[in-house]
Amino acid sequence: MEKKPPKTHFIVSYRDPQDGKVVELTANRVEDSTLGISFVAVSDFVFESRSLVVDPVAEDLKRRFEDVKTLHLSLYSIQSILEVGLRNRGLKFKQTKSNLVILPGNAVQKP
């Protein structure tokens, strides 16, 4: 019997708006949010339970997100999204965000 390679998953690091600490979540899905172009939806959370050592931070996250279907994060709170796994599918967003224009700070001319 042939072993299947592990599925691709994402490690999302973001700044929690409640306490300002950096939180790191593992999820199977990262995609466009239905809230608009400045949000990213994170769902299908993965919590490791095979370890014999109990990690209090991981257990706290597991309790906190056990009833959460989808977490909608602001682009401004996200620090990084890592894609991990042998079969990289890549992030594919339904709405293109590539047409956003960011003007430099000196774009406004003074009279």
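The values are calculated or read from the model by the stated rules, or taken from the named source; none is laboratory data. Everything numeric in this text was worked out from a predicted model, so none of it was measured. Every residue, glycine among them, receives a Cβ derived from its backbone with ideal geometry; neighbour counts consider all protein chains shown.
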Restricting to segment 8-27, and then to whatever is acidic (Asp, Glu) and not in a strand (DSSP E or B), can you tell me which residue is farthest from the chain's Cα centre (by Cα)?
Asp19
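Where residues in segment 18-38 are small (Gly, Ala, Ser) and closer than 13 Å to Ser77 by Cα, which of them is surrounded by the fewest Cβ atoms within 10 Å (Cβ to Cβ)?
Gly20
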What pairs come out if I take residues in segment 3-21 that are over 17 Å from Asp60 (Cα atoms) and among the hydroxyl-bearing types (Ser, Thr, Tyr) and pair them with residues that are at pLDDT 90 or above and surrounded by 12 or more Cβ atoms within 10 Å (Cβ to Cβ) whose C-beta lies under 9 Å away, six or more apart or interchain?
Thr8/Asn28
